[in-house]
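See below for the structure under consideration.
The values are calculated or read from the model by the stated rules, or taken from the named source; none is laboratory data. These numbers come from a predicted model, not from an experiment. Just the protein is used for accessible areas: all its heavy atoms, side chains included, with ligands, DNA and RNA removed. Shrake-Rupley method; radii C 1.70, N 1.55, O 1.52, S 1.80 Å.
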Amino acid sequence: MEALARYGDASEEKVLAILVQKVDDYRHNPLKWMEPLAVQLAGAARLDSTVPFLVTKLVTDSDDRLNEECAEALAQIGTPTVLEAVAKAYPSAPRHFRRYATQPLESIHSDLAVEKCLLLLRQEQ
């Protein structure tokens with residue numbers, strides 16, 4: 001993964017091609033194994049273009065492994081785009097999203113992260 005991440009821009013198109021696919025049944029689908037690896041590569045290569053797809057996958061709650069990988073990848077990407085996307089999805093997202101979305105919010109150290117956390121905290125009951 002580290003070696004591929006060094007050439008992140010070269011793999012961006014293939015990573016996006018995997019992440020845009022919607023999988024309804026993982027039982028006999030090779031994406032069960034490819035998707036988490038593509039998510040890991042997105043994070044390791046810090047592919048900002050993958051943020052909307054990672055957030056979408058996290059909202060849909062495919063499985064715990066993929067959710068953990070998405071949260072880790074978003075934290076690794078660590079851009080304002082991540083913070084904006086997580087903050088936008090957070091208020092109406094299901095409970096599992098809120099649990100996993102705390103990782104990027106906690107891991108990204110910036111004034112914008114503090115601002116988003118304070119904004120989201122006001123909305124919590």
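A few notes on this one:
- Length gained when the stretch LEU16-GLN125 is fully extended (0.36 nm per residue, less Cα-Cα span): 35.6 nm
- Taken per residue, the accessible surface of the range 38-125 reaches 52 Å², heavy atoms only and a 1.4 Å probe.
- The mean sequence separation of alpha-carbon pairs under 8 Å and at least six residues apart, normalised by the residue count of the chain, gives a relative contact order of 22 percent.
- Gain upon complete extension [TYR26, THR60; 0.36 nm per residue less C-alpha separation]: 10.9 nm
- Lys-Lys pairs in the range 1-122 that are eight or more residues apart or on separate chains and whose Cα atoms lie under 25 Å of each other come to 10.
- Helix-only arithmetic for the chain: the sum of -39500 (n - 2.57) across DSSP H runs with n ≥ 4, divided by the residue total, places the mean residue ellipticity at 222 nm at -22000 deg cm²/dmol.
- Surface share of carbon and sulfur [accessible, 1.4 angstrom probe, percent] for the range 47-114: 51
- List ARG46, ARG98, ordered by accessible area with a 1.4 Å probe, largest first: ARG46, ARG98
- Residue-wise HN-Hα coupling along the range 10-26, computed from phi with Karplus coefficients 6.51, -1.76, 1.60 (Hz; x: Gly, Pro): 5, 9, 4, 4, 5, 4, 4, 4, 6, 6, 6, 6, 9, 10, 8, 9, 8
- The chain: angle of helix 95-107 to the longest principal axis, Cα-based, in degrees nearest 10: 90
- Expressed as a whole percent, the accessible area of the range 1-43 that falls on carbon and sulfur atoms is 56 (1.4 Å probe).
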